[in-house]
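This report refers to the structure that appears directly beneath it.
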Amino acid sequence: MRRIIGILSGSLVIAVVLAATAFAAEVSRDEYKEAAEPICKTSAKANEQILSGVRKEVKQGKLKTAAAKFSKASKQQSKALKQLEALPQPTADEARLGKWLGYLKIEAELFERAGRKLKAGDKAGAEHVFAKLTPNANKANNQVLPFEFRYCRLEPQKFS
C-alpha cells in the first residue's frame, strides 16, 4: 500500500511540475512581438541592403546581378524564418502565427524562384513571380494585424 501511495504521490508531483511549466511557458502577444521584432528588423534591414537597386538592374537587363541579390535575400528570409519558428508562441495565436510563418516561407521561395528565373534570363518569368509577392505579403500582414508589428510586416513593393 505504501508503494502505491508513493507512486501516486510521485506522479502527482510530476503532473503539478509539468502543469506549472506549461503555464510558465505561456507567452503573451506583447512578449512574442518583443522577441520577433528584432529578428524581423535585422532581416528587413539586410534585405533592404541586399535588394537595393534591384528593380533598376532588372530594367537595365542586368539579370545575373539581380538574380544573385534575390538568391541572397531568399537565404536571409529563410534564416529569419527559422529564428521566428523557434520562438515560443501565444497558445491562442498558434494557428494565426502558423499561417503567417507559412506566408513568410512562401516569400522566401518566391525570392529564390525570381532569382532562378533571372539567372536563366527569363525576365518575363521573374516578373510573373514578382506579381505574386504583393498578394502573399497582404495575406501575411493580415494574419498578424493584432500584433501591430513594425518590422515583421512584409513590404515587397520596395523590391519588386
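Rule-based calculations on the coordinates, nothing more; no lab input. Everything numeric in this text was worked out from a predicted model, so none of it was measured. Here Cβ is always computed from backbone atoms with ideal geometry, including for glycine, and neighbour counts include all displayed protein chains.
Numbers below:
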{"quantity": "Euclidean distance of C-alpha centroids, the stretch 31-53 and the stretch 68-94, integer Å", "calculated": "10 Å"}
{"quantity": "Karplus-derived HN-Hα couplings along the stretch 147-157 (A = 6.51, B = -1.76, C = 1.60, θ = phi - 60°), whole Hz, x at Gly and Pro", "calculated": "7, 6, 5, 9, 8, 8, 8, 7, 9, x, 4"}
{"quantity": "Positive-end residue of Q157, T134, Q60, charge dipole of the stretch 27-158 with Cβ unit charges", "calculated": "Q60"}
{"quantity": "Rounded FRET efficiency, nearest 0.05, which uses the C-beta distance separating R153 from T65 and R0 of 45 Å", "calculated": "0.95"}
{"quantity": "Cα gyration tensor shape for the stretch 67-134, rounded if a/c is under 1.5, else prolate or oblate", "calculated": "oblate"}
{"quantity": "Sequence-separation-based contact order of the stretch 27-158, relative, with Cα cut under 8 Å and 6+ spacing, percent", "calculated": "32 percent"}
{"quantity": "Tensor-based shape of the stretch 27-158 (alpha-carbon gyration tensor, a/c under 1.5 rounded, otherwise prolate or oblate)", "calculated": "prolate"}
